[in-house]
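Peer 1: My questions will all concern the structure given below.
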Amino acid sequence: MNLEKGKSIFFKYYGNSMYIDREVGDEYDKCGIPKEYEIKWKEEIKKYLLTRIELFQGQELCFYVVIYTDLIKNNEAIDFVFDLLKKRKVDTVTSIILLEHVKELAKGNASIRKFWVKTVVNKFKSELMSSEITIDPSYMKSEWCDKKVLSKESIRKRIEKL
């Protein structure tokens, strides 16, 4: 058992078995890590991510929320994002990204849960449509966001698609 190497790999991929298997599955398997270690490490990662979620805004917040929601059960992930959006003031672009993420999470749910998700998303959508558009500065520095993506017109269209 190579605990040090296994832990390094596990933490590098935030404990996400899909990415570990896809990227370094054979290498990780050779480490022979017992499940109880993975469970413990996953809890450490979740605590770390929750701390980061509290500290960051904008693009960084979205990054940590998506990673965190990958580690928890689907319904719990949806509830987590909705609670976050209810309790915390975030910019318009972050709200859109997180609501789009929730819609993706909901695709695997039963139809009644999908209906509930759609209802809650529509409530947030209505609030976004009637609010001033705000953009966290982290998006302005982003490599993937150009001025067209961050234009008020483009943002309004994304809100409408929610």
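The values are calculated or read from the model by the stated rules, or taken from the named source; none is laboratory data. Keep in mind the model is a prediction, meaning the values are calculated, not measured. Positions of Cβ are generated from backbone atoms using ideal geometry, with glycine treated the same way; all protein chains shown enter the neighbour counts.
Peer 1: Val90 versus (1) within 29 Å of Tyr19 (Cβ to Cβ); (2) in contact (Cβ under 8 Å) with a residue 40 or more places away in the chain; (3) in a helix (DSSP H, G or I): which is the lone unmet condition?
Peer 2: The single condition Val90 does not satisfy is (3).
Peer 1: Further question on the same structure: Test each condition in (1) of a type in the set (A, V, I, L, M, F, W, C); (2) surrounded by fewer than 15 Cβ atoms within 10 Å (Cβ to Cβ); (3) closer than 30 Å to Glu38 by Cβ for Ile112 and report the one that comes out false.
Peer 2: Tallying (1) of a type in the set (A, V, I, L, M, F, W, C); (2) surrounded by fewer than 15 Cβ atoms within 10 Å (Cβ to Cβ); (3) closer than 30 Å to Glu38 by Cβ, Ile112 fails exactly one: (3).
Peer 1: Further question on the same structure: Looking at region 139-157, I want the residues that are touching a residue at least 40 places away in the same chain (Cβ under 8 Å) and have a partner that is β-branched (Val, Ile, Thr) with Cβ atoms under 8 Å, at least 6 apart or on another chain. Which pairs are those?
Peer 2: Tyr139/Val93; Leu150/Val93; Leu150/Ile135; Ile155/Thr92; Ile155/Val93; Ile155/Ile96; Ile155/Ile133; Ile155/Ile135
Residue-by-condition table, conditions (1) acidic (Asp, Glu); (2) buried (at least 19 other Cβ atoms within 10 Å of the Cβ); (3) under 29 Å from Thr134 (Cα atoms):
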| position | (1), (2), (3) |
| --- | --- |
| Met1 | no, no, no |
| Gly6 | no, yes, no |
| Phe11 | no, no, no |
| Lys40 | no, no, no |
| Leu55 | no, no, yes |
| Glu76 | yes, no, yes |
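Peer 1: Looking for something assigned to a helix (DSSP H, G or I), in the same structural domain as Ser17 (by TED's automatic domain parsing) and of a type in the set (A, V, I, L, M, F, W, C) - is there at least one such residue anywhere in region 40-48?
Peer 2: At the first step, the residues of region 40-48 found to be assigned to a helix (DSSP H, G or I) are 40-48.
Filter once more, so that each one left must be in the same structural domain as Ser17 (by TED's automatic domain parsing): 40-48.
If we keep only those that are of a type in the set (A, V, I, L, M, F, W, C) too, we end up with 41, 45.
Checked region 40-48: at least one residue is assigned to a helix (DSSP H, G or I), in the same structural domain as Ser17 (by TED's automatic domain parsing) and of a type in the set (A, V, I, L, M, F, W, C).
Peer 1: Can you list residue pairs whose Cβ atoms sit under 6 Å apart, with the first residue in region 65-86 being closer than 14 Å to Asn109 by Cβ and of a type in the set (A, V, I, L, M, F, W, C) and the second being surrounded by 15 or more Cβ atoms within 10 Å (Cβ to Cβ) and at pLDDT below 95? Count only pairs 6 or more apart in sequence or on different chains.
Peer 2: As it stands, the answer is Ala77/Leu105; Ile78/Leu105, since those pairs meet every condition given.
Here's the yes/no breakdown for (1) among the aliphatic types (A, V, I, L, M); (2) surrounded by fewer than 16 Cβ atoms within 10 Å (Cβ to Cβ):
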position	(1), (2)
Lys30	no, yes
Leu50	yes, yes
Asp83	no, yes
Ala106	yes, no
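Peer 1: Select, from Lys114, Lys148, Lys123, the only residue that is among the basic types (Lys, Arg), modelled with pLDDT under 95 and in a helix (DSSP H, G or I).
Peer 2: Working: Lys148 fails: in a helix (DSSP H, G or I); Lys123 fails: modelled with pLDDT under 95.
Lys114 is the lone residue from the list that is among the basic types (Lys, Arg), modelled with pLDDT under 95 and in a helix (DSSP H, G or I).
Peer 1: In addition: Among the residues of region 22-36, is any free of Cβ contacts under 8 Å to residues at least 24 places away in the same chain, assigned by TED's automatic domain parsing to the domain that holds Lys118, out of contact with any Ser or Thr (no Cβ under 7 Å at 6 or more places or on another chain) and not acidic (Asp, Glu)? Step through it out loud before you land on a result.
Peer 2: Quick first cut of region 22-36, residues free of Cβ contacts under 8 Å to residues at least 24 places away in the same chain only: 22-29, 35-36.
Okay, now just the ones that are also assigned by TED's automatic domain parsing to the domain that holds Lys118, so none.
No: region 22-36 contains no residue that is free of Cβ contacts under 8 Å to residues at least 24 places away in the same chain, assigned by TED's automatic domain parsing to the domain that holds Lys118, out of contact with any Ser or Thr (no Cβ under 7 Å at 6 or more places or on another chain) and not acidic (Asp, Glu).
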